[in-house]
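Q: First, the structure itself, so that you have it in front of you.
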Number of protein chains: 4
Amino acid sequence: MIRVAVVGAAGYIGGELLRILVSHPQVEIAAATSRSLHGRQIDGVHPNLRGRTKLVFSPEDELDRYDVLFLATPHRETMSRMPEFLAMAGTVIDLSGDFRLRDPDAFADYYGLAHQAPDLLPTFVTGLPELHRERLRTADRISVPGCMASAGMLSLVPLAEAGLITGEVAVDARTGSSGSGAKAGVENLHAERSGALRVFAPTRHRHEAEIAQATGLPIRMTATGIEAVRGVQLVCRAWLGDGVDERSIRSTYRGRYGEEPFVRVVAQRRGMHRFPDAKILSGSNFCDVGFALERGSPQVTVIAALDNLVKGGAGNAVQCMNVRFGLSERAGLEFTGLHPN
Amino acid sequence: MIRVAVVGAAGYIGGELLRILVSHPQVEIAAATSRSLHGRQIDGVHPNLRGRTKLVFSPEDELDRYDVLFLATPHRETMSRMPEFLAMAGTVIDLSGDFRLRDPDAFADYYGLAHQAPDLLPTFVTGLPELHRERLRTADRISVPGCMASAGMLSLVPLAEAGLITGEVAVDARTGSSGSGAKAGVENLHAERSGALRVFAPTRHRHEAEIAQATGLPIRMTATGIEAVRGVQLVCRAWLGDGVDERSIRSTYRGRYGEEPFVRVVAQRRGMHRFPDAKILSGSNFCDVGFALERGSPQVTVIAALDNLVKGGAGNAVQCMNVRFGLSERAGLEFTGLHPN
Amino acid sequence: MIRVAVVGAAGYIGGELLRILVSHPQVEIAAATSRSLHGRQIDGVHPNLRGRTKLVFSPEDELDRYDVLFLATPHRETMSRMPEFLAMAGTVIDLSGDFRLRDPDAFADYYGLAHQAPDLLPTFVTGLPELHRERLRTADRISVPGCMASAGMLSLVPLAEAGLITGEVAVDARTGSSGSGAKAGVENLHAERSGALRVFAPTRHRHEAEIAQATGLPIRMTATGIEAVRGVQLVCRAWLGDGVDERSIRSTYRGRYGEEPFVRVVAQRRGMHRFPDAKILSGSNFCDVGFALERGSPQVTVIAALDNLVKGGAGNAVQCMNVRFGLSERAGLEFTGLHPN
Amino acid sequence: MIRVAVVGAAGYIGGELLRILVSHPQVEIAAATSRSLHGRQIDGVHPNLRGRTKLVFSPEDELDRYDVLFLATPHRETMSRMPEFLAMAGTVIDLSGDFRLRDPDAFADYYGLAHQAPDLLPTFVTGLPELHRERLRTADRISVPGCMASAGMLSLVPLAEAGLITGEVAVDARTGSSGSGAKAGVENLHAERSGALRVFAPTRHRHEAEIAQATGLPIRMTATGIEAVRGVQLVCRAWLGDGVDERSIRSTYRGRYGEEPFVRVVAQRRGMHRFPDAKILSGSNFCDVGFALERGSPQVTVIAALDNLVKGGAGNAVQCMNVRFGLSERAGLEFTGLHPN
């Protein structure tokens, strides 16, 4: 059994890690910390785990040594405490955001402050098995991408690497409210957020920088909060290289993702399900990718969807752990999602 | 023009008062206070008022003297400051809850503390024109009922007064999230509240006591938070007196509400709109009331719906003002509601 | 491997059966029929199954012989074709509703027509393992209860059997839109149904009769369609027998459900999760049951929640199959549900 | 009083016309037709009008002659019957879509069939007062733009006419379910549409052609159905001309819309309401327009929102009538919208 600890287990990403890990056949959850709730039952905060665990939140100062440490800790704090965390586990899987951008200047530009552990940046591997599986097999420091960034990278990297798209890519990203975390704030009150179409980042969202880093292309992303608790959808427009047609795009995606357990190329001709929609992905680790080409147009529209807490966070982190420890990649991640939902 | 002030204008009830009052043809809004936001534009907080007002929130210590003072102030604070408020206006219309129960013992029982101005309690008139229109014509102190209480009183008082129902009444009340106010709290986070069916008061909700006071009947009410920002719906079960049938109930409601501008007796035989539903009432001052009788059953099921911020709060308060000042009762309250919505 | 067929596999219950069965370790789906869609890929209709099955809908006239036949067929048609279905499989698990009431008169009363196979009625066992596990171990004809009925029976039968409640029980049932099935109708249009609080059955809902049959108590149920795709919640009020207190109720539920894999007694003292809410149950096979007692009141309020398509339908049916074939009851039903969701 | 008739009054646009017109001080509704529902009470279908009208749907063959004929009739049928309609009224205001594109080739291209009354196309004026007020003062044939087209035209025409933007514009359009109309269809079932992010037109939506016609710029639009009954939001990206900065854009919008009763330039610096959101516009005739410029970027992001049935349809049509008849443009259109909602 792999002994794991989850730091920051009372939040939404922490809770989702626990949900997946309690059912994971090769994992033992040795600790789940919360600064404010230690001593309390985990299922009081994450009521979906009633009957599935008797775990109690532990304080951070009782952390010990583990095979894997999952960090669902706040940005800023994470980079300053990373040396401490690295000493606690053979493998550290960070979901905080602090180690996603390899370039300290890009970090400073997008996060608005200097990185506090720039020497550690190159030691982290991007936690997206579809793009970095080989490196992940031996990686001890893994940085899981942002939810919208994962969808964007899975959408665009295959096309960019194959040279099918060129120039600037426009990305419209839509995201549910759980991405804002479990902390109260007026802007996340139900009465304010319900039914909203809130353009909260018309430009310069941090995940934009991750997609640019992965694709090598300039990205212009707009992020809108939509009515959903879970779910991310991206609509990307990219310029096609000369002579690129529908077949070359489809075969590129199929070649890349045909054997992937958690990326599905959606290519129905008609019907209400012909493009990816996060509605059917809640709880699942799938990222669905589809596309549309207008006859005669020099652009392709790529659409991707995932559950921000699963393939866009905790599920992806567990998939990375599975790769790292040579387990079945599907272990703990079997849930298919619901229809209707 | 009637000069009015709204105390506590940054909250949801305060904002709804402003929405109605800016369009009211006989009203001048002389002040709208907010302790935390004074000096800021009203339409920054209530964005629906953009282009309709240039008002700025004022501090409470600049309050002066007005024809009408609307109190959208917190419970507890209101009762202790009431003497101060009464000195500021000819007519005080209180939406806080502190003056709804006439009996200080009932107040202590349901609110969990002793009333701080028990002498003032009998000087307030219940602000529900359908039940107290004559007294409201000359009332200077008006206490607007709770949102669920208004629906319950409009449902049950006609039947109780006509002697058609008897014994205990069971009330299932459902309410949207705006009833919890504009203050942030974890339990009102969108991610927690969206799609919830949260039984937040299985027994002993304060509005239960108001319905009991108005009907003279024992009331057992359960309150559930449902997925809506606005809207209250009540399903009430009452025991019929001997020989009471559908016709007597219908004629009682029709007799009582036939001429009312804001209570509609819904009595369609079939279709999806045959019982009251708050979905079509957002923004309107209507309370819709309907009922069902099972052949051979000794019970009647009464269903009522309203918008908690309008007929269940601010709209009802303005209707009371209209009655008090001899205006058309519909003034400022013409909006019909939307379908679909 | 158990060879199963699902008849009526294109609907919502049929789709949910397929979702559960494709992941069930001891099951082989031998056929999934659809009259209108035969020949088409199953994942075109149930897009959550993409990548999990290559099954194609088959026509009904190609049905053969199976270990288990799940019937997600329409009411009326099912009772007339039951002899035909019984010839096709060792075990028939019917989700249609036609074999839920044992008394042909009650059936005629609630369904408005005479039963067409009254002789078969007593041969069916009610498919609720918590109440009928022993009989289900050898049952070849199983009738799965209605979604609201399952919640009602799990709420009330333990109290009724222990003699803790007496007299009439009032039930307020709330249900999501998937219970209306996958057929289009104006009343289920998103624009009409979204955000609705639609009292579609103020009295005489068919599931009321099932709860009455199981408890032996008179039941008065009101059914309201609420804003959810999945989910049922019941709020039941019952009269307590003499001397019954909170402890006796809690110990009765705990005694009954302490070892049950899929019923959880929810008994938190405070917080937003202290009563059952279907919001966290989507996709899971749990029925959560909780209750509240007002000091001094002669009534108890019992609250129950489940996913109508899972514990209220397909999941419960698979649990019955697991019991019948001596498998782990949890097989195929491990998903815990999501928080937040 | 202006005598008006609404043809196709049982649909959502028809119902919204009736909602506005019953409260319009200078209008008499002389007829409201429905082929399938004639003889039935209007408030049975549009329950928000209970207590506001006793009108009954009339058959189309009883249509007579009116001052204004509003056509909420189906596309295709409308163009073939237009000569007949023109004979019935001094002013025809068409909401069908058939007379929005002036170029028959563009029509054939986007609608997939030849126009049946190409000679009439140039006789229609686009019904958007902000762009065509002078022509509308004397127009007898008015074609109201599509909901997303109105938002796009109000967003982009001022910038295009001032030469501030150039080249291709990418438009991400999001729309609620009421835009699909009141006819049942599986894809609009609540269970399928609730919470969906459905990219139903990745390219070539018809409203794209209207925006292109009005701006003279190439438009690439993607249309996504989102969780809302009412509401349209557009996010547009356009390339800035040389030297264009934030100030020139703001002053262009302010110059153009400063005196407009129904277009608001939203320009808050911070907070959750700093960009247009349809959430607060339900029932109102406002189109809110805002924008964001990233420092150093050659692009501007323009965001617009409106209620598709009001400023995107019926409200806009009534505003056109008000212009045409020299009335106050606000007549019948005073509702401000709700916050929260």
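Q: Kindly check whether there is at least one residue in segment D:132-141 that is facing another protein chain (nearest Cβ under 9 Å) and open to solvent by 30 Å² or more (accessible area, probe 1.4 Å). Full working, then the answer.
A: Initially, segment D:132-141 is screened for residues facing another protein chain (nearest Cβ under 9 Å), giving none.
Checked against the condition, which is being facing another protein chain (nearest Cβ under 9 Å) and open to solvent by 30 Å² or more (accessible area, probe 1.4 Å), segment D:132-141 yields no hits at all.
Q: Applying the selection to segment B:124-152, what residues are without any contact (Cβ under 8 Å) to a residue 24 or more places away in the chain and under 26 Å from B:GLU16 (Cβ atoms)? So that I can check it myself, show each step before the final result.
A: Initial filter on segment B:124-152 (without any contact (Cβ under 8 Å) to a residue 24 or more places away in the chain): B:125, B:132, B:134-135.
Correct list: B:VAL125, B:HIS132, B:ARG135.
Q: Still on this model: Taking the condition of being within 13 Å of C:ASN48 (Cα to Cα) and within 11 Å of chain D (Cβ to nearest Cβ), how many residues in segment A:273-307 meet it?
A: 11
Q: Checking D:VAL235 against (1) open to solvent by 30 Å² or more (accessible area, probe 1.4 Å); (2) outside any helix (DSSP H, G or I), which single condition isn't satisfied?
A: Condition not satisfied by D:VAL235: (1).
Q: I've got another one for you. Please work out which one of (1) small (Gly, Ala, Ser); (2) more than 10 Å from chain B (Cβ to nearest Cβ); (3) in contact with a Leu (Cβ under 8 Å, 6 or more places away or on another chain) is the condition C:GLY243 fails and give its number.
A: Single failed check for C:GLY243: (3).
Q: Among the residues of segment D:118-129, are any in contact with a Pro (Cβ under 7 Å, 6 or more places away or on another chain), assigned to a helix (DSSP H, G or I) and not aliphatic (A, V, I, L, M)? Let's see the steps before the verdict.
A: Within segment D:118-129, the subset in contact with a Pro (Cβ under 7 Å, 6 or more places away or on another chain) is D:118, D:121, D:126-128.
When the remaining residues are screened for being assigned to a helix (DSSP H, G or I), the result is D:118, D:121.
From what's left, not aliphatic (A, V, I, L, M): D:118.
Among the residues of segment D:118-129, at least one is in contact with a Pro (Cβ under 7 Å, 6 or more places away or on another chain), assigned to a helix (DSSP H, G or I) and not aliphatic (A, V, I, L, M), which makes the answer yes.
Q: In this structure, is A:PHE107 more than 20 Å from A:HIS205 (Cα to Cα) and in contact with a helix residue (DSSP H, G or I) (Cβ under 9 Å, 6 or more places away or on another chain)? Talk me through it step by step, then tell me what you get.
A: Numbers: more than 20 Å from A:HIS205 (Cα to Cα): no; in contact with a helix residue (DSSP H, G or I) (Cβ under 9 Å, 6 or more places away or on another chain): yes.
No; evaluated as a whole, the condition is false for this residue.
Q: Within segment C:1-49, track down each residue that is charged (D, E, K, R) and farther than 23 Å from A:GLN268 by Cβ. Steps first, answer last, please.
A: Initial filter on segment C:1-49 (charged (D, E, K, R)): C:3, C:16, C:19, C:28, C:35, C:40, C:43.
Those that are charged (D, E, K, R) and farther than 23 Å from A:GLN268 by Cβ: C:ARG3, C:GLU28.
Q: Please enumerate the residues belonging to segment C:160-202 that are without any contact (Cβ under 8 Å) to a residue 60 or more places away in the chain, crowded, with 18+ Cβ neighbours inside 10 Å and either among the β-branched types (Val, Ile, Thr) or outside the structural domain of C:SER251 (by TED's automatic domain parsing) (or both).
A: Across segment C:160-202, the qualifying residue is only C:VAL199.
Q: Kindly indicate the residue of segment B:175-220 that is among the polar types (S, T, N, Q) and in a helix (DSSP H, G or I) and also modelled with the lowest pLDDT among those meeting that condition.
A: In this case the residue turns out to be B:SER180.
Q: Whether any residue in segment B:324-336 is among the acidic types (Asp, Glu), touching a residue at least 24 places away in the same chain (Cβ under 8 Å) and away from every other protein chain (no Cβ under 11 Å) is what I want to check.
A: For segment B:324-336, residues among the acidic types (Asp, Glu), touching a residue at least 24 places away in the same chain (Cβ under 8 Å) and away from every other protein chain (no Cβ under 11 Å): present.
Q: Going through segment D:32-73 one residue at a time, which ones are surrounded by fewer than 22 Cβ atoms within 10 Å (Cβ to Cβ), away from every other protein chain (no Cβ under 14 Å), of a type in the set (A, V, I, L, M, F, W, C) and in contact with a helix residue (DSSP H, G or I) (Cβ under 8 Å, 6 or more places away or on another chain)?
A: Answer for segment D:32-73, where residues must be surrounded by fewer than 22 Cβ atoms within 10 Å (Cβ to Cβ), away from every other protein chain (no Cβ under 14 Å), of a type in the set (A, V, I, L, M, F, W, C) and in contact with a helix residue (DSSP H, G or I) (Cβ under 8 Å, 6 or more places away or on another chain): just D:VAL56.
A quick yes/no check of all residues on (1) touching an Asp or Glu at 6+ places or on another chain (Cβ under 7 Å); (2) in a strand (DSSP E or B); (3) open to solvent by 10 Å² or more (accessible area, probe 1.4 Å):
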{"site": "C:GLY290", "(1), (2), (3)": "no, yes, no"}
{"site": "C:GLY296", "(1), (2), (3)": "no, no, yes"}
{"site": "C:ILE303", "(1), (2), (3)": "no, yes, no"}
{"site": "C:LEU309", "(1), (2), (3)": "yes, no, no"}
{"site": "C:GLY312", "(1), (2), (3)": "no, no, no"}
{"site": "C:GLY315", "(1), (2), (3)": "no, no, no"}
{"site": "C:GLN319", "(1), (2), (3)": "yes, no, no"}
{"site": "C:ASN322", "(1), (2), (3)": "yes, no, no"}
{"site": "C:PHE335", "(1), (2), (3)": "no, no, yes"}
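Q: May I pose another question? Going by the conditions given, is D:ALA223 open to solvent by 10 Å² or more (accessible area, probe 1.4 Å), within 24 Å of D:LYS311 (Cβ to Cβ) and either modelled with pLDDT of 95 or more or away from chain A (no Cβ under 12 Å) (or both)? I'd like the intermediate steps shown before the answer.
A: Numbers: open to solvent by 10 Å² or more (accessible area, probe 1.4 Å): no; within 24 Å of D:LYS311 (Cβ to Cβ): yes; either modelled with pLDDT of 95 or more or away from chain A (no Cβ under 12 Å) (or both): yes.
No; evaluated as a whole, the condition is false for this residue.
Q: Tell me, yes or no, whether segment A:100-112 has at least one residue that is open to solvent by less than 10 Å² (accessible area, probe 1.4 Å) and among the small types (Gly, Ala, Ser). Break it down into steps so the answer makes sense when it comes.
A: Going through segment A:100-112, the residues open to solvent by less than 10 Å² (accessible area, probe 1.4 Å) turn out to be A:101, A:107.
Those still in the list that are among the small types (Gly, Ala, Ser) too: none.
Checked segment A:100-112: no residue is open to solvent by less than 10 Å² (accessible area, probe 1.4 Å) and among the small types (Gly, Ala, Ser).
Q: Separate question: Would you be able to tell me the number of residues in segment C:248-282 that are more than 21 Å from the chain's Cα centre (by Cα), surrounded by fewer than 20 Cβ atoms within 10 Å (Cβ to Cβ) and either in a helix (DSSP H, G or I) or among the hydrophobic types (A, V, I, L, M, F, W, C) (or both)? First the steps, then the outcome.
A: We begin by selecting, within segment C:248-282, every residue more than 21 Å from the chain's Cα centre (by Cα); these are C:248-252, C:254-255, C:267-274.
Right, trim to surrounded by fewer than 20 Cβ atoms within 10 Å (Cβ to Cβ) and you get C:248, C:250-252, C:254-255, C:267-272.
Okay, now just the ones that are also either in a helix (DSSP H, G or I) or among the hydrophobic types (A, V, I, L, M, F, W, C) (or both), so C:248, C:250-252, C:254-255, C:267, C:272.
Of the residues in that region, 8 qualify.
Q: Which residue out of A:PRO25, A:PRO47, A:PRO59, A:PRO83 is under 28 Å from A:GLY112 (Cβ atoms) and either in contact (Cβ under 8 Å) with a residue 40 or more places away in the chain or not β-branched (Val, Ile, Thr) (or both)?
A: Values: A:PRO25 fails: under 28 Å from A:GLY112 (Cβ atoms); A:PRO47 fails: under 28 Å from A:GLY112 (Cβ atoms); A:PRO59 fails: under 28 Å from A:GLY112 (Cβ atoms).
It is A:PRO83.
The values are calculated or read from the model by the stated rules, or taken from the named source; none is laboratory data. All values reported here derive from a predicted model rather than from experimental measurement. Here Cβ is always computed from backbone atoms with ideal geometry, including for glycine, and neighbour counts include all displayed protein chains. Surface areas here come from the heavy atoms of the whole protein model, side chains and all, with no ligands, DNA or RNA. Shrake-Rupley method; radii C 1.70, N 1.55, O 1.52, S 1.80 Å.
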